[in-house]
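Student: Next up is a structure, given as structure tokens.
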Amino acid sequence: MAGPASTTKGRKLKRGFGILTFLGAILVLGGVVGLIHTGVATLTSMILFGWLLLVGGLVGLLQAVQSRGSNFFWLGVVVAALNLAAGIVVIRHPEGTAEALTMFAALLFLTGGVFRLVGSAVVRGPQFGWTLVQGAFGVLLGLFVLFDWPHSSLYVLGCFFSLALLFDGLGLIAIGTGGRQMVNNLVAATTPEEQEESHN
């Protein structure tokens, strides 16, 4: 950064990084609140998921109508209709959707863990120990969720959703604070002549 950019662009960059830090703080706050109230976070994530399906279905339907002369018209209509129907079901029955998705997640953890365990035992590559630990953790997590199902649906998805918010927020805060510090260092490294030139 040199000359006039050291002040004008520097302020704009610092403002942008400050906004990132602020958004990150909001996400972190939402993640912490979600971890405290996992049931509410689960229902909230299900309702948001349902609305995303609805919006995606409407957008897909509009795109299908615009391309009604193409060969993919009916495929677009069917996919859009499925998204709309799934969105309506999720919004009307968030608890049942949470139970179904929790069961699906538990089966994914379980099968993924079993495949990692078997694969690490058969291949015995350089990452044997780490793959074995990952597989065992996946199996244990899947069994834990399955044994506590359907009660686990009240907190599993909300916990994952809140952790995603928390880590995304921490990442934004790190980028924002690091970026502001970098801009400060670059501005401070400019010579007095460059700073005076930028003011003129």
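Student: Okay, helix-only estimate at 222 nm for the chain: each DSSP H run of n ≥ 4 adds -39500 (n - 2.57), divide by all residues, round to 500 deg cm²/dmol; what do you get?
Tutor: About -30000 deg cm²/dmol.
Student: Sticking with this structure for a sec: Mind putting together the pair-distance distribution for the range 26-163? All Cα pairs, 10 Å bins, whole percent per bin, short to long.
Tutor: Calculated P(r), rounded to whole percents: 13, 26, 26, 22, 12, 1.
Student: Here is a follow-up. Would you calculate the separation in nanometres between label points at HIS37 and ALA121, each defined as 7 Å from the Cα along the Cα-to-beta-carbon direction?
Tutor: Rounded to a tenth, the inter-label distance reads 4.6 nm.
Student: Now, a different point. Connecting C-alpha atoms closer than 10 Å in a GNM of the chain, tell me which of GLY176, GLY16, GLY142 has the biggest fluctuation.
Tutor: Comparing GLY176, GLY16, GLY142 in a Gaussian network model of the chain, the most mobile one is GLY16.
Student: Please compute the contact order of the chain in relative form: average sequence separation of alpha-carbon pairs under 8 Å and at least six residues apart, divided by the residue count, as a percent.
Tutor: 43 percent
Student: Also, quick follow-up: What ³J(HN,Hα) values, in whole Hz, does the Karplus curve 6.51 cos²θ - 1.76 cosθ + 1.60 give for the range 154-161 when θ = phi - 60°, with x put for Gly and Pro?
Tutor: 6, 10, 5, 5, x, 5, 4, 4
Student: Quick check: pseudo-label points 7 Å beyond the Cα along Cα→Cβ at PHE104 and ILE175, how many nm apart are they?
Tutor: Taking the simple label geometry, PHE104 and ILE175 are separated by 2.8 nm.
Student: Round to a whole angstrom and tell me the spacing of the C-alpha centers of the range 76-110 and the range 29-67.
Tutor: 11 Å
Student: At what distance in nm do the modelled label points of ARG15 and LEU29 sit from each other, each positioned 7 Å from its Cα along Cα→Cβ?
Tutor: Modelled inter-label distance: 2.2 nm.
Student: Determine the per residue accessible area of the chain with all protein chains present and a 1.4 angstrom probe, expressed in square angstrom.
Tutor: 64 Å²
Student: Taking N as the number of residues in the range 72-146, what is its alpha-carbon radius of gyration divided by 2.2 N^0.38 Å?
Tutor: Taking N as the residue count of the range 72-146, the ratio is 1.62.
Student: Loop by DSSP (not H, G, I, E, B), at most 14 other beta-carbon atoms within 10 Å: where is the longest site-free stretch of the chain for trypsin sites (Lys or Arg not before Pro)?
Tutor: 125-200
The values are calculated or read from the model by the stated rules, or taken from the named source; none is laboratory data. Note that the coordinates shown come from a computational prediction; the quantities given were computed from them, not determined experimentally. Cβ: placed from backbone, ideal geometry, glycine included. Neighbour counts: every protein chain shown. Heads up: the accessible areas ignore ligands, DNA and RNA and are worked out on the full protein's heavy atoms, side chains in. Shrake-Rupley method; radii C 1.70, N 1.55, O 1.52, S 1.80 Å.
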